[in-house]
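Asker: Just passing along the structure, written as structure tokens.
The values are calculated or read from the model by the stated rules, or taken from the named source; none is laboratory data. Because the structure is predicted, anything quoted here is derived from the model rather than measured. Positions of Cβ are backbone-derived with ideal geometry, glycine not excepted, and every protein chain shown enters the neighbour counts. Surface areas here come from the heavy atoms of the whole protein model, side chains and all, with no ligands, DNA or RNA. Shrake-Rupley method; radii C 1.70, N 1.55, O 1.52, S 1.80 Å.
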Amino acid sequence: MASALGRLVRLSLLNPPCRSPLTPSSVPGNTVTACRTAVCSSSGSMLPKPKKVCDTGEQTPFGLIRIALVVVPFLYVGTQISKNFAALLEEHDIFVPEDDDDDD
């Protein structure tokens, strides 16, 4: 354990940590400016906001219909799977629901 810790210390002293290409260098006059092309121009100024396709404030057309078209088929498929699995469990006597009438 001590030898592994010694090797780790020795390696950290021999190899200085890597510098990021965006950090300013120690050479005077050689600085790096970070610029992302998605939000900045080549001069470094901020670009204007992109225009939205639906900028009128309208809601998504057919929103409830789209939700229904996604939810109803998957809900139906889920019920069919669970119904078939319950029948399989009953067939193999793994789970058989009992009707307990204790309402006497």
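Asker: Spin-label point model (7 Å from Cα, Cβ direction): what's the residue 69 to residue 95 distance in nm?
Answerer: 3.5 nm
Asker: A follow-up question, please. Residues with amide H under 5 Å of residue 40's amide H, sequence separation 5 or more or different chain, H placed in the peptide plane at 1.01 Å from N; which?
Answerer: When sequence neighbours closer than 5 places are left aside, the close amide H contacts are 47.
Asker: Same structure, new question: Show 74, 95 ordered by accessible area, largest first, where the area counts protein heavy atoms only and the probe is 1.4 Å.
Answerer: Working: 74 150, 95 120 Å².
Of 74, 95, the descending order of accessible area is 74, 95.
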